[in-house]
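The block underneath contains the structure these notes are about, expressed in structure tokens.
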Amino acid sequence: MSNRTVCREASHAGSWYTASGSQLNTQLEGWLSQAQSTVSPARAIIAPRRVFILGPSHHVPLSRCALSSAEVYKTPLYDLRIDQEVYADLWKTGMFERMSLQTDEEEHSIEMHLPYTAKAMESHKDELSIVPVLVGALSESKEQDYGKLLFRYLADPSNLFIISSDFCHWGQRFRYTYYDEAQGEIHRSIEHLDKMGMGIIETLDPMSFINYLKKYHNTICGRHPIGVLLNAVSELRKSGTEMNFSFLNYAQSSQCRNWQDSSVSYAAGALLVH
């Protein structure tokens with residue numbers, strides 16, 4: 001029986017981002033140095049030792065969540081170890097599928113967060129592990145089930161959760177062209193639509209987010225991972241834990257002005273537990 005470690009290659013390095021470790025390190029240092037904190041300096045920090053990364057499935061039909069078949073995720077900076085103890089506990093629930101290594105390497109939603117995770121945690125890399133979870137097209141009840149399962153991990157201050165998602169994919173190539181003329185140009189309508197959804201997410205109410213999606217069908221690719229997080233937060237709130245979520249930045253890949261244009265929106269936010 002082979003003892004070879006199963007590794008997921010950094011399959012999108014060299015196309016979606018640089019495959020050069022030194023160049024990637026320089027880029028990340030530059031970008032992170034420009035990030036501005038919106039909260040006061042912390043008096044004490046508990047550095048996470050385990051990072052959950054929930055990403056949507058773009059390439060394979062999936063009605064549940066899936067765990068990786070790998071033990072290690074490679075990045076151009078250094079390798080990230082999957083927490084096999086947590087994986088074993090999740091697998092025992094019977095709620096997860098296994099994704100093949102091919103499916104894993106074709107998917108980008110989790111991988112795109114790995115370089116930032118590796119860079120941000122490099123001073124703790126020997127103690128760091130990750131828990132990648134590929135999230136399928138979940139029903140409302142399944143979002144609740146996974147939220148109930150994961151909330152105890154969210155409650156642990158040694159864990160950090162990353163939710164992978166773009167926001168509106170607008171244009172004929174995305175088959176989504178919602179336009180509210182009252183907002184002005186198309187890109188203004190997209191921004192208004194996205195920020196409406198962002199405001200609802202900030203309320204941390206999963207049902208309000210579901211109703212927003214049903215009404216506007218906004219093409220938020222990580223809507224199901226977001227739904228799982230909101231349900232985990234709802235469970236944690238039952239214990240009296242106070243939390244708030246705030247969006248910190250918003251951008252569009254281009255500004256749509258006519259029906260031939262297209263764009264993808266991006267938003268970044270943070271959940272704070274008090």
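The values are calculated or read from the model by the stated rules, or taken from the named source; none is laboratory data. Fair warning: this is a prediction, and the values are worked out from it, not measured in the lab. Counting neighbours? That spans all protein chains shown, and the Cβs are built from the backbone with ideal geometry, glycine included. Remember, those area values only see protein heavy atoms, side chains included, never the ligands or the DNA or RNA. Shrake-Rupley method; radii C 1.70, N 1.55, O 1.52, S 1.80 Å.
Could you sort out which of Lys195/Lys215; Lys119/Lys142; Lys148/Lys214; Lys92/Lys142; Lys92/Lys148 sit more than 25 Å apart by Cα distance in this structure?
Details: Lys195/Lys215 15 Å; Lys119/Lys142 33 Å; Lys148/Lys214 23 Å; Lys92/Lys142 17 Å; Lys92/Lys148 15 Å.
Lys119/Lys142, as the Cα separations exceed 25 Å there.
Taking the inverse of the average 1/r across all pairs of different Cα atoms in the stretch 107-147, what Kirkwood radius in Å do you get?
12.4
Please calculate the 1.4 Å probe accessible area of Met95, with all protein chains present, and give it to the nearest 10 Å².
The accessible area of Met95 comes to roughly 50 Å².
In whole Hz, with x marking every Gly and Pro, tabulate ³J(HN,Hα) for the stretch 161-173 from phi via Karplus 6.51 cos²θ - 1.76 cosθ + 1.60, θ = phi - 60°.
Running phi through 6.51 cos²θ - 1.76 cosθ + 1.60 with θ = phi - 60° gives 10, 10, 10, 8, 6, 8, 10, 4, 9, 10, x, 5, 5 Hz.
Whole-Hz ³J(HN,Hα) for each residue in the stretch 115-128, computed from phi via Karplus 6.51 cos²θ - 1.76 cosθ + 1.60 with θ = phi - 60°, x for glycine and proline: what do you get?
Each residue of the stretch 115-128 in turn: x, 5, 4, 4, 5, 5, 10, 5, 6, 10, 4, 6, 9, 7 Hz.
What FRET efficiency, computed as 1/(1 + (r/R0)^6) with R0 = 22 Å and r the Cβ-Cβ distance, is obtained for Arg173 and Lys215, rounded to the nearest 0.05? Intermediate results must be reported in sequence, preceding the final value.
Working: r = 23 Å, r/R0 = 1.06.
With a Förster radius of 22 Å, E is 0.40.
Kindly identify the chain as rounded, prolate or oblate by the Cα gyration tensor criterion: order the square roots of the eigenvalues as a ≥ b ≥ c, call it rounded if a/c is under 1.5, otherwise compare a/b with b/c, prolate if a/b is larger, else oblate.
Details: a/c = 1.40, a/b = 1.28, b/c = 1.09.
Rounded is the answer for the chain, as its axis ratio a/c remains below 1.5.
Before I look further, what does the stretch 180-253 give for accessible area per residue, probe 1.4 Å, in whole square angstrom?
45
Amide H of Leu248 versus every other amide H placed in the peptide plane: which residues, excluding those fewer than 5 positions away on the same chain, fall under 5 Å?
Result for Leu248 returns Ala268, Gly269, Ala270.
How large a share of the accessible area of the stretch 37-184, in percent, is made up of carbon and sulfur atoms when the probe is 1.4 Å and the other protein chains stay in place?
Percent of accessible area from carbon and sulfur atoms in the stretch 37-184: 49.
Among all stretches of the chain without exposed chymotrypsin sites (Phe, Trp or Tyr not before Pro) (DSSP loop, at most 16 other Cβ atoms within 10 Å), which one is longest? Provide the component values of the computation, followed by the final result.
Working: sites that count: Trp16, Tyr78, Tyr178, Tyr179, Trp259.
Value returned for the longest uninterrupted segment is 79-177.
For the stretch 107-181, what class follows from the C-alpha gyration tensor (a ≥ b ≥ c being the square roots of its eigenvalues): rounded when a/c is under 1.5, otherwise prolate if a/b is larger than b/c, else oblate?
oblate
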